[in-house]
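Some notes on the structure that comes next.
The values are calculated or read from the model by the stated rules, or taken from the named source; none is laboratory data. Because the structure is a prediction, the values reported are computed rather than measured. All Cβ positions, even for glycine, are placed from backbone atoms using ideal geometry, and neighbour counts span all protein chains on display.
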Amino acid sequence: MSAAVRNSLGRFATKRKPPPPLEHRAPDCSICGKEVDHDGDSFRCYDCGAAWDPTGYEMKGEWDEPDEVACPAAIEWFNTDRLGAEHESIRHVVDECYLPDDGHLDHKSTDIWQTWRDDDPRVIRKAGQ
C-alpha cells in the first residue's frame, strides 16, 4: 500500500501517472523536411524520389533515378558588398539546385528552407545554361 502524499496545496493526492509512451518516428527527409517512410529495406521519401540505407551512422542517400540530369542552377546567397570582412568565409559559398533538370521554376538547395528563382540577382548559373 502506498503512503498518502500531500500536494502543494496541502491536500492528499496520489503520485503522478507515468508519462505516455514515446512514438518511434522515422527521420525527416533531408530534402523536403517531411517524415520519410520505411519500405522494409530503406528509408524513402516518395515526394523527393530519394532513399537512404538505414545501416551505418551516416545513412547515405541515393536517388530513385540516379541517371537523371541535375538542374544546373546555382546561387551565391551571401555575395554582397553589405557583408563585412568578418563574413568573408561565407561570401562565395555556392548552393546548387538538387532537383532534376525538368523545367521547374523554384530551385531548392540542400538546406530545406532555401529556394530561389532564376531572376534572383544572386544567381550565378541559371537553369538551361
Would you check if ASP120 is closer than 30 Å to ARG44 by Cα and either among the hydroxyl-bearing types (Ser, Thr, Tyr) or assigned to a loop (DSSP other than H, G, I, E, B) (or both)?
-> no
Answer yes if at least one residue in the stretch 17-27 is outside the structural domain of TRP113 (by TED's automatic domain parsing) and assigned to a strand (DSSP E or B), and no otherwise.
-> no
For the stretch 9-23, how many residues meet the condition of being surrounded by 10 or more Cβ atoms within 10 Å (Cβ to Cβ) and either at pLDDT 75 or above or of a type in the set (S, T, N, Q) (or both)?
-> 0
Can you find a residue in the stretch 41-62 that is outside any loop (DSSP other than H, G, I, E, B) and at pLDDT below 85?
-> no
In this structure, does ASP67 turn out to be within 19 Å of ALA127 (Cα to Cα) and surrounded by 14 or more Cβ atoms within 10 Å (Cβ to Cβ)?
-> no
Based on what the data block shows, is GLY61 touching a residue at least 24 places away in the same chain (Cβ under 8 Å), touching a strand residue (DSSP E or B) at 6+ places or on another chain (Cβ under 8 Å) and within 30 Å of GLU35 (Cα to Cα)?
-> yes
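Matching residues to (1) in contact with a helix residue (DSSP H, G or I) (Cβ under 8 Å, 6 or more places away or on another chain); (2) over 26 Å from LYS34 (Cα atoms); (3) not assigned by TED's automatic domain parsing to the domain that holds SER30:
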{"position": "ASN79", "(1), (2), (3)": "yes, yes, yes"}
{"position": "ALA85", "(1), (2), (3)": "no, yes, yes"}
{"position": "SER89", "(1), (2), (3)": "no, yes, yes"}
{"position": "VAL94", "(1), (2), (3)": "no, no, yes"}
{"position": "PRO100", "(1), (2), (3)": "no, no, yes"}
{"position": "HIS107", "(1), (2), (3)": "no, no, yes"}
{"position": "THR110", "(1), (2), (3)": "no, no, yes"}
{"position": "TRP116", "(1), (2), (3)": "no, no, yes"}
{"position": "ASP119", "(1), (2), (3)": "no, yes, yes"}
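Among the candidates ILE124, ILE112, ILE31, ILE75, which residue alone is of a type in the set (A, V, I, L, M) and modelled with pLDDT of 90 or more?
Exactly one residue qualifies, and that residue is ILE75.
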Using the structure shown, decide if ASP67 is in contact with a strand residue (DSSP E or B) (Cβ under 9 Å, 6 or more places away or on another chain), assigned to a loop (DSSP other than H, G, I, E, B) and of a type in the set (Asp, Glu).
-> no
Any residue in the stretch 76-84 that is surrounded by 12 or more Cβ atoms within 10 Å (Cβ to Cβ), of a type in the set (A, V, I, L, M, F, W, C), closer than 19 Å to ARG122 by Cβ and under 19 Å from the mean Cα position of the chain (by Cα)?
-> yes
